[in-house]
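Below is one structure, written out as structure tokens, with a few remarks after it.
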Amino acid sequence: MEKFDKAFSSKPLAWPRGKQWALAGVVGSGNLEVLFERNAKAPEKMDCHVESSIPGYKDSWLAALGDFAANYPVGGTKVTIHDQGADPIVVTFRLRQAYDHLKKAP
Amino acid sequence: MPPAPKDTRRRNKAERMRRVGALAKGKFVSAKSAPEVLKRIIEPGDILCLEGDNQKQADFLANQLATLTKKDLRDIHLVMSCLTLPAHIELFKKGLIRQVDFCYAGPQGQAVAQLLAEGKFPIGAIHTYNEIYARYYVDLTPRVALIAAVQADRKGNLFLAANAEDTPAIVEPTAVSDGIVFAQVNEIVDTLPRIDIPADQVDLIVEAPYPMHLTALFTRDPAAITDVQILMAMIALRGIYQKYEVQSLNHGVGFNTAAIELLLPTYGEQLGLKGKICQYWVANPLPTMIPAIESGWVKGWFGFGGEVGMERYTAARSDIFSTGRDGSFHSNRAMGQLAGHYGVDMFIGATLQIDVNGNSSTVSKKRITGFGGAPNMGCQPMGRRHPTKAWLKAGAESNPGPGSIPGRKLVVQLAETFQSGRVPTFVEELDAQDPAIKKALHGVAPVMIYGDDVTHVVTEEGIANLAACRTNEERRAAIRGVAGYTPVGLKRKKSETNDLRSRGILQLPEDLGVSPSDVSRSLLAAQDIKGLVRWSGGLYDPPAQFVDW
């Protein structure tokens, strides 16, 4: 079990009137769940909470989340990830999916 | 000085056939006497060809050969496409083989690595398919070839059905050099549906007690295609197929290309690509192409081999598939490889490892596999002269200077950044470069596709256009740019990737108008094997292991 919190600096979300939250993926073997929630308290932070069933990949998580915060305006969000052994490639994929859903009108 | 050669080879063949004597009635020998016949026709020092590729096996004859001992059989130079069966490995364990020249050892890869470590696997070279066929005509001509056919008639003509595969490429060089062609057949009949190999080129025939082994290698269940593979398929369709207007191509085995095939009638149709791309195919009859074929995407198809279960479907679609006079599918591996080398716009394939320079390999220290056909197609055909849109467009990107080669074949590596079990696909150095492996191969690392031949690397992160890179440093930066969170990817520099992206050398999904949130399994034209059967109008007969209804 790996469990950690980390906040990344990011430009504020560019879609103020979108959904309040968005979910992608499911918690299941080889998969993971990403929950994006709006967080008005910290408009320039992507505040992440990660729980993974597989320990030892914190560096990869930090790199993937750090890139995401740098590549997209995701400030003002809370990201909660529940991972059950998803391949690293699924992580970025689900992040992008949840992020895209968040942009859509409620 | 030894005397100049005259016709000793012919007289030697006659002597071998005389030794078979009463064991043969005409050309026909009984299954029981097959091991004794093998003893009498093979001599020490022979080049012996055993038919076997990634699908079809002369398994009865291989099993009989494996019953022989050093007393009967020794100092053999084995030449073959694929080491696939336990019987093949047995020959090495018994120490009967002096040298082996081959292409591929998929299912026996671990056994080969083990034999190599024990010093019991004396390799000449690992070849590509057409490379070894070429040598059958030059310096590796078999004295004896053990082959497999579906049927023989009483004269000794052979019918190969859908899986001709390597047979013609083995039989001709053997037959025209006074070698002995010994065929196992599933059955002997009065009249063949069609003649694939003339009796003239066949010396001995045995009716095997069981039908030859055939593997359903090209069947992929749509149910197992993942969301990430669908994303990659969308990236490839927009960034390569659409951009270059790829008309003629090869797809191999793999879920990534299966995803592309199943997106053609849905996503491809939405993009307006029907009739503009993917009309001519050089590939085994891929069941996952049935929806696209039924939707009118395909004009022509030639196969290296058949695919189990596609017999009735291909016969019923003879406008598209190559068929014999009898109406059933006709394949030819050597000609298919030739077509895939010179005749197509694009080769797109998967691999297990790609290094930072774009070289790829499926060899690891624990599994010595090899190549098969990929390198024959996944390379630049320097003898090509005919232009197509895709060839010219890729050429213009790649060779902007005056006097340079005007075109370029698209050679695309399609791979997820990680294999299952979190094993990174991208590595700084290939396992194939292992000193012990290189030593066994006389200094040549078993690289499947050379980075110099690759035009594009596609991953779930995007596309790296290697052909458009101007320096080796740029090429490495482009590869790191699509290598995700592998150790190779983590070394990328933001300034370099931003520069490559601004020049279109690196394209992320959003640069191609592809969004992960558009990914849905509902885009697959068929959800499972049953869906493929339905699309085929009941003409596709999936092998038992794929049927769960």
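The values are calculated or read from the model by the stated rules, or taken from the named source; none is laboratory data. Keep in mind the model is a prediction, meaning the values are calculated, not measured. Glycine gets a Cβ as well: all are built from the backbone with ideal geometry, and neighbour counts include every protein chain shown.
Specify which of the listed residues (B:VAL458, B:VAL444, B:VAL423, B:VAL454) is surrounded by 19 or more Cβ atoms within 10 Å (Cβ to Cβ) and farther than 16 Å from B:ASN357 by Cβ.
On the way: B:VAL444 fails: surrounded by 19 or more Cβ atoms within 10 Å (Cβ to Cβ); B:VAL423 fails: surrounded by 19 or more Cβ atoms within 10 Å (Cβ to Cβ); B:VAL454 fails: farther than 16 Å from B:ASN357 by Cβ.
Among B:VAL458, B:VAL444, B:VAL423, B:VAL454, only B:VAL458 is surrounded by 19 or more Cβ atoms within 10 Å (Cβ to Cβ) and farther than 16 Å from B:ASN357 by Cβ.
I'd like to verify a number: residues in region A:50-68 that are under 11 Å from A:GLU2 (Cα atoms) and of a type outside the set (Asp, Glu), how many? Write out each step before concluding.
First, the residues of region A:50-68 that are under 11 Å from A:GLU2 (Cα atoms): A:50-58, A:61.
Now drop any that are not of a type outside the set (Asp, Glu), which leaves A:50, A:52-58, A:61.
Residues flagged as under 11 Å from A:GLU2 (Cα atoms) and of a type outside the set (Asp, Glu) within region A:50-68 amount to 9.
Do we find that B:ALA477 is away from chain A (no Cβ under 14 Å) and closer than 20 Å to B:VAL228 by Cα in this structure? Steps first, answer last, please.
Working: away from chain A (no Cβ under 14 Å): yes; closer than 20 Å to B:VAL228 by Cα: no.
In short, no.
Select from region B:190-206 the residues that are within 24 Å of B:ARG333 (Cα to Cα) and not aliphatic (A, V, I, L, M) and write down the one among them that is farthest from the other protein chains (Cβ to nearest Cβ). Per the criteria, the residue is B:ASP200.
Taken across region B:496-505, residues that are surrounded by 15 or more Cβ atoms within 10 Å (Cβ to Cβ), among the polar types (S, T, N, Q) and part of a loop (DSSP other than H, G, I, E, B) do not occur at all.
From the set of residues in region B:513-549 that are part of a helix (DSSP H, G or I) and among the hydrophobic types (A, V, I, L, M, F, W, C), which is farthest from B:GLU460 (Cα to Cα)? I'd like the intermediate steps shown before the answer.
Taking region B:513-549 first, the residues part of a helix (DSSP H, G or I) are B:516-518, B:521-523, B:529-535, B:544-546.
Within this subset, residues satisfying the condition of being among the hydrophobic types (A, V, I, L, M, F, W, C) are B:523, B:529, B:532-533, B:535, B:544, B:546.
Values: B:LEU523: 17, B:ILE529: 25, B:LEU532: 26, B:VAL533: 30, B:TRP535: 29, B:ALA544: 33, B:PHE546: 28 Å.
So the residue we want is B:ALA544.
Among the residues of region A:89-102, which ones are more than 7 Å from chain B (Cβ to nearest Cβ) and in contact with a Lys or Arg (Cβ under 8 Å, 6 or more places away or on another chain)? Listed by number, the list holds a single entry, A:LEU102. For region B:402-437, the candidate set comprises residues that are within 22 Å of the chain's Cα centre (by Cα) and within 14 Å of chain A (Cβ to nearest Cβ); within that set, the residue that is nearest to B:ARG385 (Cα to Cα) is B:LEU414.
Here is a check on your reading of the model: is B:TYR540 touching a residue at least 60 places away in the same chain (Cβ under 8 Å), within 14 Å of another protein chain (Cβ to nearest Cβ) and either touching a Pro at 6+ places or on another chain (Cβ under 6 Å) or farther than 30 Å from B:ASP434 by Cα (or both)? Answer is no for this residue.
Number of residues in region A:44-66 that are part of a helix (DSSP H, G or I), more than 10 Å from chain B (Cβ to nearest Cβ) and either of a type outside the set (A, V, I, L, M) or closer than 20 Å to A:GLY28 by Cβ (or both): the value is 2. If you go through region B:211-228 and pick out every residue that is buried (at least 21 other Cβ atoms within 10 Å of the Cβ), at pLDDT 95 or above and in a helix (DSSP H, G or I), you end up with 1. I'm trying to understand the selection: among the residues of region B:358-379, which are under 17 Å from B:VAL412 (Cβ atoms) and surrounded by fewer than 19 Cβ atoms within 10 Å (Cβ to Cβ)? Matches in region B:358-379: B:CYS379 only.
Of note, A:GLY30 satisfies the criterion of being more than 10 Å from the chain's Cα centre (by Cα), within 10 Å of chain B (Cβ to nearest Cβ) and of a type outside the set (A, V, I, L, M).
Starting from region B:20-36, take each residue that is under 11 Å from B:ALA183 (Cα atoms) and list its partners that are assigned to a loop (DSSP other than H, G, I, E, B), counting only C-beta distances under 7 angstrom and pairs at least six apart or across chains. Listed by first residue and then by second, the contacts come to B:LYS27/B:GLY156; B:LYS27/B:VAL202; B:LYS27/B:ASP203.
Mind checking which residues of region B:420-448 are among the hydroxyl-bearing types (Ser, Thr, Tyr) and either assigned to a loop (DSSP other than H, G, I, E, B) or more than 22 Å from A:SER60 (Cβ to Cβ) (or both)? Steps first, please.
Step one: list which residues in region B:420-448 are among the hydroxyl-bearing types (Ser, Thr, Tyr), which gives B:420, B:425.
Answer for region B:420-448, where residues must be among the hydroxyl-bearing types (Ser, Thr, Tyr) and either assigned to a loop (DSSP other than H, G, I, E, B) or more than 22 Å from A:SER60 (Cβ to Cβ) (or both): just B:THR425.
Within region B:517-549, the set of residues being exposed (fewer than 15 other Cβ atoms within 10 Å of the Cβ) and assigned by TED's automatic domain parsing to the domain that holds B:ILE290 comprises B:SER520, B:ARG521, B:SER522.
Applying the selection to region B:480-506, what residues are more than 14 Å from chain A (Cβ to nearest Cβ) and among the polar types (S, T, N, Q)?
Of all residues in region B:480-506, those more than 14 Å from chain A (Cβ to nearest Cβ) come to B:496, B:499-500, B:502-505.
Matches in region B:480-506: B:SER502 only.
The residue list A:ALA40, A:ALA86, A:ALA14, A:ALA69 contains one member that is more than 9 Å from chain B (Cβ to nearest Cβ), in a loop (DSSP other than H, G, I, E, B) and surrounded by 21 or more Cβ atoms within 10 Å (Cβ to Cβ), which is A:ALA86. B:GLU510 satisfies every condition listed in (1) of a type in the set (D, E, K, R); (2) more than 11 Å from chain A (Cβ to nearest Cβ); (3) not in a loop (DSSP other than H, G, I, E, B) except (2).
Based on this model, can you work out whether A:ALA22 counts as within 14 Å of chain B (Cβ to nearest Cβ), over 24 Å from B:LEU490 (Cα atoms) and under 14 Å from the mean Cα position of the chain (by Cα)?
Details: within 14 Å of chain B (Cβ to nearest Cβ): yes; over 24 Å from B:LEU490 (Cα atoms): yes; under 14 Å from the mean Cα position of the chain (by Cα): yes.
Against the criterion (within 14 Å of chain B (Cβ to nearest Cβ), over 24 Å from B:LEU490 (Cα atoms) and under 14 Å from the mean Cα position of the chain (by Cα)), A:ALA22 qualifies.
So in region B:293-316, with the set limited to residues that are part of a loop (DSSP other than H, G, I, E, B) and without any contact (Cβ under 8 Å) to a residue 24 or more places away in the chain, which one is surrounded by the most Cβ atoms within 10 Å (Cβ to Cβ)? Break it down stepwise before answering.
So the first thing to find is which residues in region B:293-316 are part of a loop (DSSP other than H, G, I, E, B), and the list is B:295-299, B:304-310.
Then drop every residue that is not without any contact (Cβ under 8 Å) to a residue 24 or more places away in the chain, which leaves B:296, B:298-299.
On the way: B:GLY296: 10, B:VAL298: 19, B:LYS299: 14.
Top of the filtered list is B:VAL298.
For region B:226-240, the set of residues classified as away from chain A (no Cβ under 14 Å) and in contact (Cβ under 8 Å) with a residue 40 or more places away in the chain consists of B:ALA236, B:ARG238, B:GLY239, B:ILE240, listed by residue number.
Taking the options B:VAL488, B:VAL454, name whichever one is within 29 Å of the chain's Cα centre (by Cα), β-branched (Val, Ile, Thr), assigned to a loop (DSSP other than H, G, I, E, B) and closer than 22 Å to B:LEU414 by Cα. First the steps, then the outcome.
Details: B:VAL488 fails: assigned to a loop (DSSP other than H, G, I, E, B).
Within the list B:VAL488, B:VAL454, the selection yields B:VAL454.
If you go through region B:376-419 and pick out every residue that is of a type in the set (Phe, Trp, Tyr) and in contact (Cβ under 8 Å) with a residue 60 or more places away in the chain, you end up with 1. Residues in region B:242-292 that are among the hydrophobic types (A, V, I, L, M, F, W, C) and in a helix (DSSP H, G or I): B:PHE255, B:ALA258, B:ALA259, B:ILE260, B:LEU262, B:LEU263, B:LEU264, B:MET289, B:ILE290, B:ALA292. No other residue among B:ARG492, B:ARG475, B:ARG470, B:ARG480 is assigned by TED's automatic domain parsing to the domain that holds B:PRO424, touching a Cys at 6+ places or on another chain (Cβ under 7 Å) and over 21 Å from B:ALA292 (Cα atoms) apart from B:ARG475.
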